[in-house]
Structures are given as C-alpha cells and as structure tokens.
Amino acid sequence: MPAYSTNMRFKFPIFAIILEIITIVLFAFFVEYDKGGHSHGSKEHGGHDRQSNDTEGDTNIRLYPMFQDVHVMIFIGFGFLMTFLKKYGFSSVGLNMLLAAFGLQWGLLMQGFWHGGGKIHVSVYRMINADFSTATVLISFGAVLGKTSPLQLLILTLLEITTFAVNEHIVADLLKASDAGASMTIHAFGAYFGLAVARMLYRPGLKNGHENDGSVYHSDMFAMIGTVFLWMFWPSFNSAIAEPGVPQLTAVVNTYLSLAACTLSAFAVSSLVEHRGKLDMVHIQNATLAGGVAVGTCADMAIGPFGAMLIGFLAGIISTLGFKFLSPILAANLGIQDTCGVHNLHGMPGILGGLAGIVAVQFGKKDGSAGMQAAALGSSLGFALVGGTITGLIMKLPIWGQPPDQNCFDDSIYWEVSAKEDLGHQSGRY
Amino acid sequence: MPAYSTNMRFKFPIFAIILEIITIVLFAFFVEYDKGGHSHGSKEHGGHDRQSNDTEGDTNIRLYPMFQDVHVMIFIGFGFLMTFLKKYGFSSVGLNMLLAAFGLQWGLLMQGFWHGGGKIHVSVYRMINADFSTATVLISFGAVLGKTSPLQLLILTLLEITTFAVNEHIVADLLKASDAGASMTIHAFGAYFGLAVARMLYRPGLKNGHENDGSVYHSDMFAMIGTVFLWMFWPSFNSAIAEPGVPQLTAVVNTYLSLAACTLSAFAVSSLVEHRGKLDMVHIQNATLAGGVAVGTCADMAIGPFGAMLIGFLAGIISTLGFKFLSPILAANLGIQDTCGVHNLHGMPGILGGLAGIVAVQFGKKDGSAGMQAAALGSSLGFALVGGTITGLIMKLPIWGQPPDQNCFDDSIYWEVSAKEDLGHQSGRY
Amino acid sequence: MPAYSTNMRFKFPIFAIILEIITIVLFAFFVEYDKGGHSHGSKEHGGHDRQSNDTEGDTNIRLYPMFQDVHVMIFIGFGFLMTFLKKYGFSSVGLNMLLAAFGLQWGLLMQGFWHGGGKIHVSVYRMINADFSTATVLISFGAVLGKTSPLQLLILTLLEITTFAVNEHIVADLLKASDAGASMTIHAFGAYFGLAVARMLYRPGLKNGHENDGSVYHSDMFAMIGTVFLWMFWPSFNSAIAEPGVPQLTAVVNTYLSLAACTLSAFAVSSLVEHRGKLDMVHIQNATLAGGVAVGTCADMAIGPFGAMLIGFLAGIISTLGFKFLSPILAANLGIQDTCGVHNLHGMPGILGGLAGIVAVQFGKKDGSAGMQAAALGSSLGFALVGGTITGLIMKLPIWGQPPDQNCFDDSIYWEVSAKEDLGHQSGRY
C-alpha cells in the first residue's frame, strides 16, 4: 500500500465543520420540536405509529427511560465493546462517540425525509430512531476497526445512514414487515454493509495478522463494560418502539429470556471448542449478546417465553461457532477481515432473527405476511451488500488519510499518545 | 489437596447445556407472558401484591426503569465489585454474568412454583424478583471468590435459589413479615449461605494467604465501577417492590439518606483504624454500601429521614470495623476464608437491618408483628446456614473441577489468558 | 511550602463524624418525607413549582428515572472524569463520592431553609436539587484536584453549598430568572468558585509542572467512562426540573442536539490545533461536554433545534481553544492552576449559556426579563468569586493537612497504596 498522507490537520477538521454547518442549516429549515397532537403520517418500524396517540408533548416523555437505555447502548455499549484492542481504546470509544453524534443528527434528517411531508418533529420516539440509525454504522465500524481514518468513517456514517433510511422505509412502510427489534434492518444490515466495506478495503498485508490486533488483560476488562451494558439494556432496544401495552411487555420479556439462555449456550460452546475447556473472552464478550440480536424481529410476537429462549440458545451456539471456525475462513478465503467479528454477533444472528420472524408470522404469532417478512430480509441484505460495496469503493479513494498497514490498530496515528509504551499525554491542562 | 482434574472441556459444557435445555422445557410447560388483569394469588416480599391492581400489561411497564436499575446492580454492580483481585477480573465479571443469567431463569421458576397454582406469568415485577433471587448467589459467590470452578458455581446457583425461594415464601407469605429491601431474605441469607459454603470448602493451604489474593491499582479502579453503580441504584433495589405511592417514595428517600450517612462513617472509620490515617480501598469499595443493606427491612417504614441516616451511620461503622478486625479472626479461628468480606458488607449489616425492622415494627412504624419479624430473621439465618452447609458438602465432591490451592484467584485456570503477565489473547477474530 | 502534617488519623475522622452527627440532628428537627398534597411555597430553578401539582407522593416518582440519570452524572460522571491523572484515581472517584454524599445532605438542608418556612419535605424533586447542589462542589474540586486534603475538601463542600443555596435563592426566587439547566447557577458558579479557591491556594512550586500531573493510557480510558456518562445523561440534567410537558421535552431535545453538534466541533478544533492534526484526549474528554453546559439556561426555551445546535457548536470551539491556549496563560500569568481545566468546560461555556439566555429572553423565546437574566449571571459570578476567595483563604490555614508540593497528584499520601509502582493493597480481607 502506498504511503498516503495520514495527516488529518486540515482535511478532517474542515470536512467535519462543513458537515456540521450543513446539518445545522438543514435543521433550521426542516426540523422543529414535536408538540404532540398530530400524527407523523406514517408508520414506523413495527407497522404502527405511537405518536398519533400522544396529544401532549408530555406523554411523549413516557419513552424517555427507554431512550436513555438505548443511548447507553450506543455510546457506552458499542464504544467500550470495541476497546478490546490493546492500543486502540481511544479510537474505539472516541470515534464511536464522534460517529454516533453525527449519525444521530443525520438519522433524524434522513428518517424524517421519508416519513411524511412538511417539517420533521423531534420527539423522544424520533430520538430513539435516530439513535437506532447510528447503530448500523457502529456495527459496520466494528468490521473495519483499526483500519480506517476518522475521515473515512464520517463518510461511512453519511452514506450508511442514508442507505439505512431508504431500506427502513421500504421494510416498514412499503412491505409493512415486522422488525421491532431490528434483527434485519439494523443488525443484519449493519453487519453485511460493514463486511462489504471490509471486503473493498481488503489488506493483503494483514493476511498474517498484526501484532496490535489483539487484546491485553485490561483492554478485555474495558470491553466487558460494553458487553454488560449492551446485555442489560437490550430489552429496551427491542421494545422501545413496540406498541405500548402487551406487545411492549412481550418484547421486554422475550429479550430478557433470550439473552439469559444465550449466555448459557455461549459459555458452554466456548468451553467445548477451546483447549482444555477454557473459556475464550472473545466469545463471552460477543456471543452472549447474540440472543438479543436474534430475538429482535420476533420480539413483540407471541412466540412464548420458551420460544424466545430457544432462539437465544441457538444464537449463542451459532455465534460462538462462527467466531471459532467461520471468521478465519472468511479472512483467508474471501478477503473479509472482520476485526470485531460482527458477522458472528450481528450478521448470522440477524439472519436467524429474520428467518425466525418469517416462521413466527407464518404460524400466526403476529398478523402479517411471511412473504413480506422474507422480502424485508432480502431487501435489508441487498441494500447492505450493494450500499456497502459502493461505500467501500468511495472510502478506498486515496485521499481520506487511510492508515498504512503497519499503523493499523494503533491510536497513535490519529491521537496524541506518548511515545513511551505505557504513558499517555502530559495533560497540559495548565 | 489432591490434584483433581480442572479440565472443564466436557463436564462444564454438557452440564450447562443440559441445565439450560431442562429449563427451557420447564418454561414451555409452566411459563407464559403476564397479560395483566389477574392477581398472582399471593403477596410478595412486603406483604402486598401490586399485580392485582394492574389491569393492563402496560401499567406493568411502570416498574421497568426500576427493574433496569436493579439489573445494572446485578450485572455491573456485583460483577465489577468483585474485579478487585489482580488476576481474577475475567472470572469475576464473566462468571457473575453466567450465574445471574442462569439464576434469573431458575428464580422465575422457583418463585413461581411457590406463588399460587397454575401458570407462572412473567411480568416486570416478576423479573425484578428473579433478579433479586440471583443477588443471593452473587453474594455467596463473593465468599468463595477465586476458589471454585464454574461447575461448582452453577450447582451453588441451583441449590441456593431453590433454598431462597422456600425461605422467601415462608417469610413473606406465612410469617407475613416486612422485608421490602430484603436485608434478611437476600443480604443476611446470601452472606451466611456463602459463609457456610466457604467453611465447608476451607483450604488450610491458604491459611497464610496467597500472592494473587490482592488487588493492583487498576483492578481497584474497576471494582469502584461496581461500588458506585451499586451505591447509586440501591434506592431502586429497596423500593422496587414496595407498595406504590408513599411507601415506595419512603423507601427511595430512606435508602438515599442511609447510604449518604454511611459513606461519611465508612470514610471516617477507615481513616481512624489505618496507619497514619490513610484510607483503605477495601473499606471504601464495600463499607460505603452497608447503609443500603442495613436500611433494607425498614426501607418502606416511617422511621423518619434521620432514622434512616442513623441506621446507615451505624452500618458504615460496623462494616468497616468488621473488615479491619473481624475478618482476620474468622479466617484464623473459624476456618472461614471470606474472599470479598461479604460478612462485613451483607452479613452483619443484614442482621442489623433485621433487628432494626423488629424495633421499627414494635414501635408502630409499620403494621405488623415484631415477633414475626424476629421469626423471619431466624428463618433466613437458619435456611442460610443449613442450606449453605449442605450445598458446601455437595460442592466439595471431587468431581466438579475445583482448582488446586496454587491456582486459586487466577483466571488462567479456566480462561484463555496469554502466559505473558500483561498480555491477553491474540483475538483470532480473523 | 512548610512541611505541614498530612497525617489525617484524628483530624479527618473526628471532623467527618461530628459533621455527620450534626447533620443527622438537623435532619431530626427539620426534615420529613414529602407526602404530596402541598406546595413548597416557593418556586425553584425555573421559576415554577411542580410539587404543587402533585397530590400524591406517587406522582412524585415520575421524576425518578431522571433523578437516577442525574445521580449517575454526579457519582460516575464527575467521579470518573477526574480519574485521568495517572496516580490519582482513588482520590478522584473516592473523594468525589465522599463530597457528594455529604453535599447532598447539606444541600437538602440549605435549599430547604431558603424555600418556605416549616419542615423540609424530601421528595424526588428535592433529591434532584440536592444532587445538583453537589455538582457545584465537584466542579470546583476539579480546579484544585490533586492539591488538597480530604479535610480541606469537606470544608469546601460545606461553604460552597451554603453559598450556592443563597445565590440560587436570589436567582430563582428574587430575580425570577430562568436557568433550567443551570449554566449560571451551577456551571459558571462552580467553575469560578473553584478558580478563586485555586488562586488562593496558588503553589509557585508547581509552576513548572509536576511529573504526576498527567495521564497514562489506562487512566484516560477510565476518564472516558465519566465523559460518556455525562454526555449521555445531560439531557436529563437540563430537563429534570423543567416544567412538565412541552418545556421538559424541549429541554431534552435541545440538550441532545447541542451535545451532538458540540462533539463535531470539539473533534474538529482539537485536530486543527494539534500537531499533525492528531486528536487530544483532554479535548475529547471535556470539550465534547461543553454543549451541555452552554445550552443549560436556554434548555427549556423555544430557541429551535438549530438554535441549540449553534450554541453547542460554538461551545465546542470555545472550550477546545480554551484548553489549548487559555489555560496555560491563566496558570503562567494569573496564578490559577486549574487541574481539570474547569474554566474551559464549565466556566466559559457557563457564561456563554448565561449570555444566550439573556438574548433568548430578549427575543421572546421565553417569558421573562433580559435584565433579570443578566442580573442572575452577575449574581452567580459575584457569589462565586467572593465565596471562593473567602473559602480559599480558610482552606489555606495550615491546619487541614494540605499536601506538600512533591506529594501532589498522588493517591499514596491519603490512601493505602503499595509502594511498588504497579501494586495496590494486599486486601487483608481475611
């Protein structure tokens, strides 16, 4: 790989500032507060629209605690989950914050444009959807973690959220498919979008690994902060935009139980496939969460508590086996270097969730059409692969400050880090 | 101690998978969603039943934010509090997650079996109680931390939650005693259950300490994450299942103030008993929480804000003195090696809470019988000691992969950890 | 500096215990539970009083999730944000807890004394205000971090919260100024109070820096836990005491968007001013939060989503530039050694927030008087500077165990820390 300049001094700040100014101008024209008492004129995510029931801005606040749970998943959950790399913690949690902060603004605009004419009204419900849209980017970020510049990642955010909003509109409004916990529209979409990008950015020079592409004891501990917050608040993620009442409670219970069952199977399979039955931290950090992904589409359906547990149980097995056996094959044979293994946490469990949704609708666990569910899964995968490929090609242009192979997985290329291994910055606060 | 095999390769995964499959089958037969509009037919924890007032599943969701606070205490609070050991962080937070994930499923079943006939209806209220039941196990886990295998701990979970459910039924339904914040049924129970197990698993070889049975600077910092989350959300723990309205608010206020007063006394006494008045991190991590434990039974009673503060103030003193002076005596003279000092955080403050409850009921701070309160305390201690002793004997069987003395307090016996001191795993994600 | 005794063995514990006992006695006389159904007889913070609408203690609980978010900001947010120093993590998160625990009790008393006669009724609303009052102390703590003894800090807490309560009474009750998110009464007040204290405690010996006044990689990671929790829950901080309904939702939306825009500008400017365009962790940890501070006063005003974003965008720029260029000047020329740079995070953005509030009221975004807003800003700054100067003089008395220069920024002077660099305590739990 040629020695592109990785100096971000003007490119990155100017791009970020212009992007933010454009965003503010768009908000000035198109966005106002939600005052309640109106319908958004469109049904979202679960084929229903809760806003129309809210005659006061106040009732809107009912969803606020769930919004905050989702917010924690986005900023702490995804951010710290990716801090497992020994020298990439600043980027993981810092760039996660940057991308999500821009992404939620862009997501508010993009989702608003597709949902009815006139002004976009910001409510807690819309804020949840805005946070959701950033999740797709953060999943894709995991696939290319350590191998991209902040500038490349802002471009990824811009393009992926735009694509997400189109697909989400098709799935929810045109196909009227169910996807309350977004197994298809967020998890599978984000994973395959990211994998397509990773394929485009394939680095032969990393074929034999990289000394910084691994964890140390403490970085694995930081990552567990992310894992546990994701695990705990996943019931909020899957139920936040479900219909109030029984469906919302169902989504909470299904996710709670699916994750619990998944944890048992992930631990068991991790021990089963490892040397001397030892547990592998990679599996525990990731595969324990697959139950939350896989139960997403069915979350608000009457699949029964044991049905949710079965889905979680299977997801934990599939995800752990994926980390152990499939990831090396994808890297060696398909040129897909998936840093965080998002294929195992979001990709396969997301597809499992989509398939479970087809079956559940077919068996009448929720009103709907199994065909439309299948179409929604196909649409999500299609937009992800095509959108990710195009985005990857754009990100590959040699003008975005992409790091050379030897500087991958290392904060010091984009952050002030003391040269001495163990030292940070002398703060210079005064 | 003979060199038992600690290879978990088949024992652990097979046991875990069979356990989970049995659990799923039991759920298929006995568990369904709560749809509201019915009574659970039984009064729980505080001698009241809120479910009967809920005619819609939706109103059920009212408790959801408090559930999430409790959830954070269980998975982040207990999990990270135990990461203080220098080489046992993976096990602390990882096995904490495993045990709680299985425990909440088992707790749902066990508590359901004792509360009325017919199906068990999962509601947010039941989920809070399920999480509560896991707290007993995590407290006991602290007493044996570093000295047991994952398999032994799953057995502990199974037996302790079963015992807990029996005692809880007796205390709440038969004795009709008050224990809103569960000083007796969770804290004292969990502590003495764990101490009885620790007594049974006594290791003479650790009499003179173990080089890994201590903290390093960073592990103490991780532990503070646990401490602070427990501290902050304890008002939710003590009020979550209190009666709505004034009693619930009372429980919030009492716990908030008890913890605040406890923090002052824990800091003060720590400085008073240490060399040159220095603070000891062990005390700060633990004794600052004793006020939450001790005010539990009285939490929803009209003991007055200053009454709550007095209880917390005393608890902080007792707990700190316990760490300093009593724990070494228990280890040296009674063969009770209590790794986390749960006797000081949960045991003595739990008994203090039970006694305070007797006094408070006697003085009419809540309707009830002081005698029944005393009986509840006795029942909790009795079930804990007998149950813990039997469980300890079962755990002592030389077939569960218990670690030899020299491998205690060390993740590397059950986890993939790089041999090099400071390195974790090379992730092998691709 | 003369070698004062830093032995805390009797001074600190006796002071802390007497302080707590006095507080409990005051609570016994003046504080009772809120039972609803009455007015506090006074309007708080935003010139409104929500309590009067609550006829049941139960409805009071409506604010509980927002209280918990604020609680997390106080104990995790502020506590971990200050753990960036390489050897001062125990003190940062530990003393933060101590000061906040005492401060919330004192704040309940002080705010109660100014709000109507008779007893003080503790409600969730009052608990939020109590937590708020501690924020001023924790901000000031940041200015003197590493250079004061626990005893000095308790005195700071006592005096600053007393001063805060007087100013808050003047601003809200007499001037009837708007300050929903407390840009003026908490952020600017806390910052300038702390800077005045820092000026009084000026240490010429630290003019050329101190080897421990800096971060290491892992301490910066711990600090990010604080940053991200503050960032996420700031919408709760700014909206918690806003009027229910549209104003509260407005405060949530404004803060959410202000922070998002601020993050972009903070990242951009950090890259712009640093060597080779690299990002500086100090900026990311702090300046990304300036948008929450600056939008505080206007939070519940109809400034429009884009208006909030503009405020945040500016705040991110000002704050980052302050860290880079102004802090060194303050230290070199004015003798203000501001360890955490609170002037850049809370001081200037707080003033920006106050000014924005004057403009917004002038343009009719909320009923009120621009003159009164200006008077509120002046009052806050005046009380801060005078109160901080007097407090600093008292703290300077050579009887409080202040650390000598060479022991600054080092936990080991007040905490048991193993002499060996990397080791903590041998727990002595048994």
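Legend: mean number of C-beta atoms from other chains within 10 angstrom of residue C-beta atoms, peptide A:251-262, equals 6. Here the contact order of chain B, divided by its residue count and restricted to Cα pairs under 8 Å and six or more residues apart, works out to 23 percent. Taken residue by residue and averaged, Cβ atoms of other chains lying within 10 Å of the Cβ of C:20-28 number 6. Whole-Hz Karplus values for the range B:150-161 come out as x, 5, 4, 6, 5, 5, 3, 4, 4, 6, 6, 5 Hz, taken residue by residue from phi with 6.51 cos²θ - 1.76 cosθ + 1.60 and θ = phi - 60°; glycine and proline positions read x.
Under 1.5 on a/c is rounded, so check that first for the range B:136-195, then, if it is not, pick prolate when a/b is larger than b/c and oblate when it is not; a ≥ b ≥ c are the square roots of the alpha carbon gyration tensor eigenvalues.
On the way: a/c = 3.78, a/b = 2.01, b/c = 1.88.
It is prolate, given that a/c is not under 1.5 and a/b is the larger ratio.
For the range A:160-237, GluC sites (Glu not before Pro) meeting the loop criterion (DSSP other than H, G, I, E, B) and having at most 12 other Cβ atoms within 10 Å: A:E211.
Nearest-to-axis residue in chain B, judged by Cβ distance to the rotation axis that brings B onto A and given in whole Å, is B:P65, 2. Take B:I394, move 7 Å from Cα toward the beta carbon, and the resulting point lies 6.0, 6.0 nm from the same point in each other copy, nearest first.
Put +1 on the Cβ of every Lys and Arg and -1 on every Asp and Glu Cβ in the protein assembly as shown; which of B:H121, C:M73, A:F306 then has its Cα farthest towards the positive end of the dipole? Checking the options against the dipole of the protein assembly as shown, the answer is C:M73.
Taking N as the residue count of the protein assembly as shown, its C-alpha radius of gyration divided by 2.2 N^0.38 Å amounts to 0.84. Counting every other Cβ atom within 10 Å of each residue's Cβ, C:H71, C:H187, A:H210 order from fewest to most as A:H210, C:H71, C:H187.
Couplings 3J(HN,Hα) for the range C:371-377, derived from phi with the Karplus relation 6.51 cos²θ - 1.76 cosθ + 1.60 (θ = phi - 60°), are x, 5, 4, 5, 5, 5, 5 Hz, where x marks Gly and Pro. Under 5 Å from the amide H of C:V31 lie the amide H atoms of C:I120, each residue being 5 or more positions distant or on a separate chain, with H modelled from the backbone and absent for Pro and chain starts. Both radii come from the Cα set of the range B:369-410: Rg as radius of gyration, Rh as Kirkwood radius; their ratio Rg/Rh reads 1.30. Averaged over peptide A:124-130, the number of partner chain Cβ atoms lying within 10 Å of each residue's Cβ comes to 2. When chain C is treated as a GNM with alpha-carbon contacts under 10 Å, the residue of C:Y64, C:Y256, C:Y217 showing the greatest mean-square fluctuation is C:Y217.
With the label put 7 angstrom out from Cα along the Cα-to-Cβ vector, A:N333 ends up 6.8, 6.8 nm from the copy partners, going from closest to farthest. When you work out D = kT/(6 pi eta Rh) for the range C:131-286 at 37 °C and 0.692 mPa s, using the Kirkwood radius from C-alpha pairs as Rh and the Stokes-Einstein form, the result is 184 µm²/s. Couplings for the range B:358-370, taken from phi via the Karplus curve 6.51 cos²θ - 1.76 cosθ + 1.60 with θ = phi - 60°, read 4, 4, 4, 5, 4, 8, x, 6, 7, 4, x, 10, 4 Hz in order; Gly and Pro are left as x.
Does the range C:299-403 classify as rounded, prolate or oblate by the C-alpha gyration tensor (a ≥ b ≥ c root eigenvalues; a/c under 1.5 gives rounded; else a/b over b/c gives prolate, otherwise oblate)?
Taking the square roots of the gyration eigenvalues as a ≥ b ≥ c, the range C:299-403 is oblate.
Cross-link pairs exceeding 26 Å in C-alpha to C-alpha distance, out of A:K87/B:K87; B:K147/B:K324; A:K11/C:K365; A:K86/C:K278; A:K86/B:K86, comprise A:K11/C:K365.
Here the mean projected area of the convex hull built on the C-alpha positions of chain B is 20.7 nm².
Under the convention that each Lys and Arg Cβ holds +1 and each Asp and Glu Cβ holds -1, the size of the dipole of the range A:85-169 around its Cα centre is about 240 debye.
Mean 1/r over all different Cα pairs, inverted: what Kirkwood radius does the range C:327-385 give, in Å?
After inverting the pairwise mean of 1/r, the radius is 12.9 Å.
For the range A:191-241, the orientation-averaged shadow of the C-alpha convex hull comes to 5.5 nm² (one quarter of the hull surface).
Neighbour counts of other Cβ atoms within 10 Å put B:R203, A:R276 in the fewest-to-most order A:R276, B:R203. Taking every alpha-carbon pair in the range B:195-314 and binning the separations at 10 Å intervals from zero gives 14, 32, 30, 19, 5, 0 percent.
Once Lys and Arg get +1 and Asp and Glu get -1 on their Cβ, which of B:I399, B:G364, B:W415 lies farthest toward the positive end of the dipole of the range B:306-430? Of B:I399, B:G364, B:W415, it is B:G364.
For the pair C:K207 and C:S412 in one chain, pulling the backbone fully straight at 0.36 nm per residue adds 71.6 nm over the alpha carbon distance. Which listed residue (C:S178, C:A315, C:A135) has the Cα farthest towards the positive end of the charge dipole for chain C, taking +1 on Lys and Arg C-beta and -1 on Asp and Glu C-beta about the Cα centre? Farthest towards the positive end: C:A315. Dividing the summed helix terms, -39500 (n - 2.57) for each DSSP H run of n ≥ 4, by the number of residues in chain A produces a 222 nm estimate of -18500 deg cm²/dmol to the nearest 500. Shape analysis of the range B:246-356 places it in the oblate category; the axes a ≥ b ≥ c from the Cα gyration tensor give an a/c of at least 1.5, with a/b not above b/c.
No value in this document is a laboratory result; all are computed from the given coordinates. Predicted, not measured: the structure shown is a model, and the values here were computed from it. With ideal geometry, Cβ positions are generated from the backbone for all residues, glycine too; neighbour counts draw on all protein chains shown.
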